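The values are calculated or read from the model by the stated rules, or taken from the named source; none is laboratory data. Everything quoted here is computed from the prediction, not taken from an experiment. Every residue, glycine among them, receives a Cβ derived from its backbone with ideal geometry; neighbour counts consider all protein chains shown.
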Amino acid sequence: MKPGTTVYHTRLKLVGMFIRTAKNGNPVCQFPNRKATTYCRKNIVVGTGPRAKPVHGLTPTERAHANLLGIDKAEYKRITQRQANWKWFGNPAHFIDRRNCSFHMTTQVGKHLISTLGEWIPKGQPHDYEPLGSNGRIYETIVFTIDGYCDCDCRCGLPLPGEEIECRNYMTAREANEGHLQTCKDYDTTPGGE
């Protein structure tokens, strides 16, 4: 970062100017009505608002997410750049008894809806997971075309599943997380996508 770069302090909610980097690697910045001082890197971002770009690598939240996914910083940045056209939903999207699945991920990637479900416990059953199909899978990811959008009172905007394109099966939550992300990458058609 060059001296004179506009920076934003996320805790103080102030726009200021970067002056230099201290010996400990933290930025020295000047903010209105304050002396130039060294600030913690996690509080200083390049730009003029809360959505500004982090100065050094990933934010603590991004690092934790990358570690959870088991990927390095470069791969995380590539994924998040591609995810500009990905839309995540908290609602389960397929399976007639989806409300009783404690694991669900739903992502719209371009013209496709990618839905992952698992850990199904039917009502009235003991607390053991039931398989989602005849092959004993506990988790599944299904790719659908989009056939309209939810227009009920909840206003969630969830895409409605159309024709099924592909189904992938998993036995563990980690495999399901990684498989959902890989499926999203496989169906992403943006430049830089795989």
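List the pairs whose first member sits in the stretch 18-36 and is in the same structural domain as VAL46 (by TED's automatic domain parsing), whose second member is of a type in the set (S, T, N, Q) and part of a loop (DSSP other than H, G, I, E, B), and whose Cβ atoms are under 9 Å apart, counting only residues at least 6 apart or on separate chains?
Listed pairs, sorted by first residue: PHE18/THR5.
Which one of these is surrounded by fewer than 14 Cβ atoms within 10 Å (Cβ to Cβ), on the phi > 0 side of the Ramachandran plot, of a type in the set (Gly, Ala, Ser) and at pLDDT below 80: GLY57, GLY133, GLY90, GLY49?
Details: GLY133 fails: on the phi > 0 side of the Ramachandran plot; GLY90 fails: on the phi > 0 side of the Ramachandran plot; GLY49 fails: on the phi > 0 side of the Ramachandran plot.
Being surrounded by fewer than 14 Cβ atoms within 10 Å (Cβ to Cβ), on the phi > 0 side of the Ramachandran plot, of a type in the set (Gly, Ala, Ser) and at pLDDT below 80 holds for just one of GLY57, GLY133, GLY90, GLY49, which is GLY57.
For the stretch 122-142, how many residues are of a type outside the set (Ser, Thr, Tyr), in contact (Cβ under 8 Å) with a residue 24 or more places away in the chain and part of a strand (DSSP E or B)?
Matching residues across the stretch 122-142 total 2.
Within the stretch 12-40, take every residue that is among the hydrophobic types (A, V, I, L, M, F, W, C) and farther than 13 Å from MET1 by Cβ and give me the one that is modelled with the lowest pLDDT. Write out each step before concluding.
So the first thing to find is which residues in the stretch 12-40 are among the hydrophobic types (A, V, I, L, M, F, W, C), and the list is 12, 14-15, 17-19, 22, 28-29, 31, 36, 40.
Within this subset, residues satisfying the condition of being farther than 13 Å from MET1 by Cβ are 12, 14-15, 31, 36, 40.
Working: LEU12: 76, LEU14: 79, VAL15: 81, PHE31: 81, ALA36: 83, CYS40: 82.
For the stretch 12-40, the residue satisfying everything is LEU12.
When you scan the stretch 159-185, how many residues do you find that are without any contact (Cβ under 8 Å) to a residue 40 or more places away in the chain and in contact with a helix residue (DSSP H, G or I) (Cβ under 6 Å, 6 or more places away or on another chain)?
Of the residues in that region, 1 qualify.
Within the stretch 93-105, how many residues turn out to be over 16 Å from the mean Cα position of the chain (by Cα) and free of Cβ contacts under 8 Å to residues at least 60 places away in the same chain?
Going through the stretch 93-105 one residue at a time, the tally reaches 8.
Within the stretch 77-121, which residues are over 22 Å from ILE165 (Cα atoms) and either out of contact with any strand residue (DSSP E or B) (no Cβ under 6 Å at 6 or more places or on another chain) or in a helix (DSSP H, G or I) (or both)?
Within the stretch 77-121, LYS77, ARG78, ILE79, THR80, GLN81, ALA84, ARG99, ASN100, ILE121 meet the criteria.
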